[in-house]
């Protein structure tokens, strides 16, 4: 399996856990003390790290650190928007499109071939 596909799949899965760890407590644990929310979030985040660390280690064999970071940010938005809309019941905003276009620009510039000269 190509490195880009391995990294992409691991980062998508990692981001699903990350998004739930960071934000699901706002809906599901809002009546609980923040320490309970933090403990649950840390437990979920463990699975994020079990996927994210290998993703970055595999990715770093073929991509630069800035490329891995931009890939991570683009995947984060791709996971976060459906989460916000479907799970958190947030309204769809045109700003999501503008943010996505900015990230597409970042992906383009970080992955384009270097210019000589």
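Quick look at the values:
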{"read-out": "Extension gain (nm, one decimal) between residue 99 and residue 77, 0.36 nm per residue minus Cα-Cα", "value": "7.1 nm"}
{"read-out": "Convex hull of segment 16-105 built on C-alpha atoms - directionally averaged projected area, nm²", "value": "6.7 nm²"}
{"read-out": "Theoretical FRET efficiency, 1/(1+(r/R0)^6), r = Cβ-Cβ of residue 107 and residue 28, R0 35 Å, to 0.05", "value": "0.60"}
{"read-out": "Within the chain, helix-based [θ] at 222 nm, where runs of 4 or more DSSP H residues each add -39,500 (n - 2.57), nearest 500", "value": "-23500 deg cm²/dmol"}
{"read-out": "Label-point gap, in nm, between residue 86 and residue 43 - each point 7 angstrom along Cα→Cβ", "value": "2.4 nm"}
{"read-out": "Rounded FRET efficiency, nearest 0.05, which uses the C-beta distance separating residue 35 from residue 12 and R0 of 41 Å", "value": "0.85"}
{"read-out": "Exposure proxy order (Cβ contacts within 10 Å, fewest to most) of 89, 69", "value": "89, 69"}
{"read-out": "Whole-percent pair-distance distribution, where bins are 5 Å wide, for the alpha carbons of segment 1-51", "value": "5, 23, 24, 17, 13, 8, 5, 4, 1"}
{"read-out": "Tilt relative to the chain, helix 34-59 - C-alpha long axis, 0 to 90 degrees, to 10", "value": "20 degrees"}
{"read-out": "Crossing angle, helix 3-19 versus the chain [Cα axis fit, 0-90 degrees, rounded to tens]", "value": "20 degrees"}
{"read-out": "Virtual spin-label span in nm between residue 60 and residue 3, 7 Å along Cα→Cβ", "value": "1.3 nm"}
{"read-out": "C-alpha long axis of helix 65-82 to longest principal axis of the chain, angle in °", "value": "40 degrees"}
{"read-out": "Order of 58, 75 - criterion: other Cβ atoms within 10 Å of each residue's Cβ, fewest first", "value": "58, 75"}
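Readers should treat all values here as calculations from the given coordinates under stated rules, not as data from a laboratory. Since we're looking at a predicted model, the values are computed, not measured. As a convention, Cβ positions derive from the backbone with ideal geometry for all residues, glycine included, and neighbour counts pool all protein chains shown.
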